[in-house]
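Everything on this sheet refers to the single structure shown next.
The values are calculated or read from the model by the stated rules, or taken from the named source; none is laboratory data. All values derive from a computational prediction rather than experimental measurement. Note that we place each Cβ from the backbone using ideal geometry, even for glycine, and neighbour counts take in every protein chain shown. For the accessible areas, the whole protein counts, side chains as well, though only heavy atoms, and no ligand, DNA or RNA atoms are used. Shrake-Rupley method; radii C 1.70, N 1.55, O 1.52, S 1.80 Å.
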Amino acid sequence: MIRTAIAFALLAASTIAAAQSPAPQLSMDHRMLLRCSAAFALVAHGQETGDAAALRYPDMSQRGREFFVRGSAQVMEEAGLDRTQIEAALSAEARDISENGTIEEIMPVCLNLLPAE
């Protein structure tokens, strides 16, 4: 879907852009927003592709996307990040979740952050 493609376009920041941006100093709240945003995007992608593990979670196409957009905007504003820096931070979180296989540990906490339907 186009919505998830947009989210993943943000997560797919190039390594060149990431290397050019200094690592921002983020609060724990900011890191949590970014980590959950990345987790929701990964699950949404898995749900679109029919991944059985991702399908165990609630549909992320609307609420997860909304969290991703609002959370990213909040972190950008509060931490003074530009688009390249937020893309790099989201990409780093998604990469960490994927490489360490921590989605199952993260999702229960992140799901509690979603507003009620």
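Just a few scattered comments:
- When the residues of the stretch 1-45 are filtered to those that are among the basic types (Lys, Arg) and at pLDDT 95 or above, the one that is nearest to ASP82 (Cα to Cα) is ARG31.
- Single unsatisfied condition, GLU48 versus (1) open to solvent by less than 60 Å² (accessible area, probe 1.4 Å); (2) of a type outside the set (A, V, I, L, M, F, W, C); (3) at pLDDT 95 or above: (1)
- So ARG95, is it out of contact with any strand residue (DSSP E or B) (no Cβ under 7 Å at 6 or more places or on another chain), open to solvent by 40 Å² or more (accessible area, probe 1.4 Å), under 18 Å from LEU113 (Cβ atoms) and part of a helix (DSSP H, G or I): no
- Looking across the stretch 51-92, the residues that are closer than 20 Å to MET28 by Cα, open to solvent by 40 Å² or more (accessible area, probe 1.4 Å) and among the aliphatic types (A, V, I, L, M) come down to VAL69, ALA73, MET76, ALA92.
- So ASN112, is it more than 13 Å from MET32 (Cβ to Cβ) and of a type outside the set (Val, Ile, Thr): no
Results for (1) free of Cβ contacts under 8 Å to residues at least 12 places away in the same chain; (2) not polar (S, T, N, Q), shown as yes or no for each residue.
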{"residue": "SER72", "(1), (2)": "no, no"}
{"residue": "ARG83", "(1), (2)": "yes, yes"}
{"residue": "ALA89", "(1), (2)": "no, yes"}
{"residue": "GLU93", "(1), (2)": "no, yes"}
{"residue": "GLU99", "(1), (2)": "yes, yes"}
{"residue": "ILE106", "(1), (2)": "no, yes"}
{"residue": "LEU114", "(1), (2)": "no, yes"}
{"residue": "GLU117", "(1), (2)": "no, yes"}
